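Reviewing the structure listed below.
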Amino acid sequence: MAWRNLWRKKRRTFISVSSVMFAAVLAIILMSMVSGMTDQFVASIVNNTTGYLQIQDALYNDEPTIDHALEYTPEKEAMLNTHADMIDYIVPRIQGFGLASRDMGTRGAMIMGVDAEMETRMNNLGSRLIEGSMFEPSDEFAVIAEGLAHQLGLTLGDTIVLLGQGFQGMTAAGTFKVGGIVQFSLPEQNNAMVYLPLKQAQGFFAAPDRLTNLIIMTHNPQEADELSRKIQQEIDPEWYAVYTWEELMPDAVAAFEARDAQFKVMAWILYIVAGFGIFGTVITMMHERLREFGILLSIGLKRAQLALICMIETVVMSLLGVAAGVIVGFLIVYNWYRNPIHLGAEIGEVFLDFGIEPYMSFSIAPDIFFYQAMTVFFIALFIGIYPVRKVFKLNMTRAARK
Amino acid sequence: MKTVIKTSNLEKVYNGSVAPVRAVNNVNLEFQEGEFTAIVGPSGSGKTTFLNLIGGLDKPTGGQVIIDGTDIASLKESQLFDFRLKHIGFVFQSYNLIPVLTAKENVSFIMLLQKQSKDAMEKRAKEMLEQVGLSDKLNSRPNQLSGGQQQRVAVARALASKPKFVLADEPTANLDTESAFNLLDIMSRLNKEENITLIFSTHDQRVIERASRVITLVDGEVSKDEMFDR
């Protein structure tokens, strides 16, 4: 009877189902966008700066100087190899601030010794090359950022003089030929980066076999915490520390949380608006059927039975609406997931400034669809309490006369 | 003859906006098995309220309604639902069939609530629809039937579960003359053949002329109670 009632007034049912569907679609789009953008920002942070995990000297995070570079021994490498099932690849770095000079010009620089192949795998460093080439591990030339090259008037084949603080009070000084020029959108990087082959940088800093950051990229980002715990148990905490990207970038995490909270408020405003839409339909439906309800109760249907019929109608309508919402929401979001929305001039530049591609990304993680569908479904069910309550309070003789 | 319904000092007072409205006032009546009674009176005389009270649809503010030895005014709501389902058939002015059910399903509906077997329901529904001349409309929905046909289905529904009595609230009010006569013929025949007690509230002279008893209510009180040999 409930099923037949649903199709008795197709337009009414269509409106109710549509209300639920639109609520589900809008919630899915909103939360997919929030999740997609978060993933995009996290990927940007992880790939461009911290990686998912970092092993550092125990004191480096509080005082990031070359004196707190860790010794990367074969034993450490062997220990990490025991977690090869979780580790995708490892990116070694040794870095420190110094001065970059040519003739009379001097600028502050971030001098970073890297494995160019691993660095490119992590953050596409190689693709930023605009002149020259990236170095191999055995090369001895530097790759510098375009802004710095411009400020110092350096071109390919010129010599750059680097000065800095070496390990344990040693002076770091060296001259390197410029073999490549890379370009960054973020000015802080574009005006400061100097890349050296890892061995060359370790020699420059007088810190052979030492690294300031040992970045670990996991196969599955969700496993980073678990891997962190495992490594933590296998290293000497007096000398080494393992950090996840969240621990290294607490400000970014706080910013994400604040932004997520804003979107959750927006989502709840959306739920409330959609809820009132559904509620309006339910009230109209109840008003239209009061007389029928009065008759049904008069001829012997019990209130609980009538309430059950109403509840079944609400559940079926909600399920239909939610199912339609998930299908339509998925189709929309999947399209945007495959073809991210390109952000216009101003906001796009802001993204680029932070080293993030100027696209609005969407997520198709199953939990988004599940949680939004469940939330909208439970809201619809909650609204379904109204007809049930109305049935239990209905004055049947008055209703039957309507 | 067996008394089916007895009312003692029955009273229903509504709280009006200006002063209390005494819709039914000190009504003492007995209805016998197989009687065909018409309750008549001007609009607002308390006919429908009286029917609601003896049908257990409304609670009296005073007095008793005794059916089969039970004072239904003392029953709880859930008990009243069961009591109505078991003992009382209703026919309303506006047919009030369930729009999503076929004629046969509408007639079976109360038997379904009484948890009768499917075969018994099927048999009785067909039998009742045959009795009201609608054996060819078993699978028609209410919107496929005329007003007169819908009211005949409503009568079949009211009688299908073999209630102790049937309450009909102005059942001919919305019918044309031919449909009204047709319906009255059917109800009179069932009243005689199945010895069913019928109590009508009506303004309709055609009903009054068929009734074996005519009770006139004025301002909620019985002003006349006449018996006819018909």
**Request:** Output the helices (runs of 4 or more DSSP H) that fall wholly within segment A:320-402 and possess 2 or more residues being modelled with pLDDT under 90 and either in contact with a Cys (Cβ under 9 Å, 6 or more places away or on another chain) or closer than 25 Å to residue A:35 by Cα (or both), or say none.
**Result:** A:345-353, A:366-383, A:385-393
**Request:** Within segment B:95-114, identify whether any single residue is under 30 Å from residue B:228 (Cβ atoms) and either crowded, with 16+ Cβ neighbours inside 10 Å or away from every other protein chain (no Cβ under 14 Å) (or both), and answer yes or no.
**Result:** yes
**Item:** Unique residue being surrounded by fewer than 19 Cβ atoms within 10 Å (Cβ to Cβ), more than 14 Å from residue A:162 (Cβ to Cβ), in contact with a Gly (Cβ under 9 Å, 6 or more places away or on another chain) and at pLDDT 90 or above when the list is A:230, A:199
**Value:** A:199
**Request:** Working carefully through the options A:222, A:200, find the one that is within 21 Å of residue A:126 (Cβ to Cβ) and under 36 Å from the mean Cα position of the chain (by Cα).
**Result:** A:200
**Request:** Considering (1) without any contact (Cβ under 8 Å) to a residue 60 or more places away in the chain; (2) within 14 Å of another protein chain (Cβ to nearest Cβ), say which one residue B:148 fails and leave the rest.
**Result:** (2)
**Prompt:** Here are some conditions: (1) free of Cβ contacts under 8 Å to residues at least 24 places away in the same chain; (2) over 14 Å from residue A:111 (Cα atoms). Residue A:183 meets all but one. Which one does it not meet?
**Reply:** (1)
**Prompt:** From the list A:33, A:1, A:21, which one is farther than 30 Å from residue B:100 by Cβ and either among the aliphatic types (A, V, I, L, M) or within 14 Å of another protein chain (Cβ to nearest Cβ) (or both)?
**Reply:** A:33
**Prompt:** Which condition number in (1) part of a helix (DSSP H, G or I); (2) of a type in the set (Lys, Arg); (3) within 20 Å of residue A:98 (Cα to Cα) is the one that residue A:177 fails?
**Reply:** (1)
**In segment B:209-230, the residues that are buried (at least 18 other Cβ atoms within 10 Å of the Cβ) and among the basic types (Lys, Arg)** = B:210, B:213
**Request:** Considering each of B:161, B:179, B:135, B:117 in turn, give the residue that is more than 13 Å from chain A (Cβ to nearest Cβ), among the polar types (S, T, N, Q) and within 26 Å of residue B:68 (Cβ to Cβ).
**Result:** B:117
**Fill in**
Restricting segment B:76-93 to residues that are more than 8 Å from chain A (Cβ to nearest Cβ) and outside any helix (DSSP H, G or I), the one surrounded by the fewest Cβ atoms within 10 Å (Cβ to Cβ) turns out to be B:76
**Message:** Restricting to segment B:50-72, count the residues that are out of contact with any Asp or Glu (no Cβ under 7 Å at 6 or more places or on another chain) and either touching a residue at least 40 places away in the same chain (Cβ under 8 Å) or within 13 Å of chain A (Cβ to nearest Cβ) (or both).
**Reply:** 11
**Fill in**
In segment A:167-196, anything surrounded by 19 or more Cβ atoms within 10 Å (Cβ to Cβ), farther than 30 Å from residue A:356 by Cβ and out of contact with any Lys or Arg (no Cβ under 8 Å at 6 or more places or on another chain) is listed as A:172, A:174, A:176
**Message:** Taking the conditions exactly as written (within 26 Å of residue A:304 (Cβ to Cβ) and either within 14 Å of another protein chain (Cβ to nearest Cβ) or under 21 Å from the mean Cα position of the chain (by Cα) (or both)), does residue B:143 satisfy them or not?
**Reply:** no
**Asked** For segment A:276-291, does any single residue satisfy the condition of being of a type in the set (Gly, Ala, Ser), outside any strand (DSSP E or B) and either away from chain B (no Cβ under 14 Å) or closer than 30 Å to residue A:3 by Cβ (or both)?
**Response** yes
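The values are calculated or read from the model by the stated rules, or taken from the named source; none is laboratory data. This is a predicted model, so every value here is computed, not measured. Cβ sites come from the backbone with ideal geometry, for glycine too, and all protein chains shown count toward neighbours.
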